[in-house]
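The values are calculated or read from the model by the stated rules, or taken from the named source; none is laboratory data. These figures come from a predicted structure and were not determined experimentally. The protein model used for the area step is the full one, side chains on, heavy atoms only, and it has no ligands, DNA or RNA in it. Shrake-Rupley method; radii C 1.70, N 1.55, O 1.52, S 1.80 Å.
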Amino acid sequence: MPPFLPEARSDVIFAAVGSPGALLAGYLAIVNLWAFCLMGFDKRRAKRRGARRIRERTLFLSALLGGSPGALAGMWTFRHKTKHWYFVWGIPAILLAQAAVCLWLISRT
């Protein structure tokens, strides 16, 4: 009996690179690591006088692109931007909105 070989039932791209779930998980892992590291880099630069800082909009953009868990973990790990109300409330709000969208998408399938 020949071994079981799965058939590609979707687009040719998915058959070539893998499932979209694996690609999404890899993307989210990279974005979250990036957001976490950005918080650490900016905290280190904040301690040095005259060092160029990372823009706050860059930190928020990394959270909006899917890195909100990493940004939130970086905020509390490095104790960075925890006195700014727009970070204390904004990053968790982005995380909740992204979780709500994920739950909505999952419930539709």
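Working only with C-alpha atoms, what are the Rg and Dmax values of region 23-67, expressed in angstrom?
For region 23-67, the Cα radius of gyration and maximum Cα-Cα distance read 11.9, 40 Å.
Would you mind telling me the share, in percent, of accessible area of region 26-103 contributed by carbon and sulfur at probe 1.4 angstrom?
Carbon and sulfur together cover 68 percent of it.
Need the C-alpha centroid separation for region 62-101 versus region 39-59, integer Å.
So the two Cα centres are separated by 16 Å.
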